[in-house]
């Protein structure tokens, strides 16, 4: 299924850096292409990633593509905003999301990354999840997205307070990448 090169479709340089670094040594080169892909409206990052992967493949017609989608499901809000998190943050920001959650006692959340590999025939998904809590206010300058407000279970720091190397050992993206690496090495 895979050639020597896998095309990661993303405008996020930080995600590309993390993915390229994690897949080093798997025998597959990771190239990056920036495409403005349509996104369906769904709380499920897997649905969104599969749709985007098919659209990216149609557009590129140049071999297997890898697309990522991320979700942040809040327990108090029955999984919302899920895959819609970037739109929520675009509207209210990290501090605004923290303040909105102040009305609930339960600040637990599940962070999800779905890596979707599509070769024009078969969609393969590699999922990583991490439980944690949403902090009362943003903390930390590292990372991107909602890293400054997500404190993974068992840690006193948010992802935004962790060095990239430390975050990559425990993050939901690391878990999804481990599954993808196993697939690439076994396949």
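Bear in mind that the values in this text are calculations on the coordinates, not laboratory data. Fair warning: this is a prediction, and the values are worked out from it, not measured in the lab. Neighbour counts are summed over all protein chains in view; Cβ atoms, including those assigned to glycine, are modelled from backbone coordinates with ideal geometry.
What percent does the relative contact order of the chain come to when contacts are Cα pairs within less than 8 Å and at least six residues apart?
Values: 379 pairs, mean separation 35.2, N = 187.
Once normalised by length, the contact order is 19 percent.
On the principal axes of its Cα set, how long, how wide and how thick is the range 120-175? Give whole Å, largest value first.
Largest to smallest, the principal-axis extents are 44, 19, 18 Å.
Using the Kirkwood radius over Cα pairs, work out the Stokes-Einstein diffusion coefficient for the range 90-187 at 25 °C and 0.890 mPa s, in µm²/s as a whole number.
Numbers: Rh = 14.6 Å.
Rounded to a whole number, D works out at 168 µm²/s.
Relative to the longest principal Cα axis of the chain, at what angle does helix 172-186 sit, 0 to 90 degrees, rounded to 10?
With rounding to tens, the tilt is 20 degrees.
Which percentage, to the nearest 5, of the DSSP beta bridges contained in the chain is antiparallel? Don't skip to the answer; put the middle values down first.
Values: 26 of 34 bridges.
Beta bridges within the chain, antiparallel portion: roughly 75 percent.
Treat each spin label as a single point 7 Å out from the Cα along the C-beta direction, and report the residue 20 to residue 95 distance in nm.
Label at residue 20, label at residue 95, 3.4 nm between them.
Sorted from largest to smallest, which semi-axis lengths in Å does the alpha carbon gyration tensor of the range 36-102 give for its equivalent ellipsoid, taking the root of 5 times each eigenvalue? Before the final figure, lay out the partial values.
Values: eigenvalues 162, 27, 12 Å².
Over the Cα atoms of the range 36-102, the semi-axes work out to 28, 12, 8 Å.
Going by alpha carbons, how many degrees (0 to 90, nearest 10) lie between the helix axis of 45-60 and the longest principal axis of the chain?
40 degrees
Per the helix-only calculation at 222 nm, which mean residue ellipticity applies to the chain, given -39500 (n - 2.57) for every DSSP H run of n ≥ 4 and division by its residues, nearest 500 deg cm²/dmol? Don't skip to the answer; put the middle values down first.
On the way: 5 runs with 66 residues, N = 187.
Theoretical 222 nm ellipticity from helices: -11000 deg cm²/dmol.
What is the helix-to-structure angle for 13-23, meaning the angle in degrees between its Cα long axis and the longest Cα principal axis of the chain, kept from 0 to 90 and rounded to the nearest 10?
60 degrees
What does the C-alpha gyration tensor say about the overall shape of the range 55-136? Classify as rounded when a/c is under 1.5, otherwise prolate if a/b is larger than b/c, or oblate.
Values: a/c = 3.97, a/b = 2.34, b/c = 1.70.
Because a/c hits 1.5 or more and a/b exceeds b/c, the range 55-136 counts as prolate.
Plugging the Kirkwood radius over Cα pairs into Stokes-Einstein for the chain, at a temperature of 20 °C and a viscosity of 1.002 mPa s, what D comes out in µm²/s? Please report the intermediate quantities before stating the final value.
On the way: Rh = 16.8 Å.
Translational D for this selection: 127 µm²/s.
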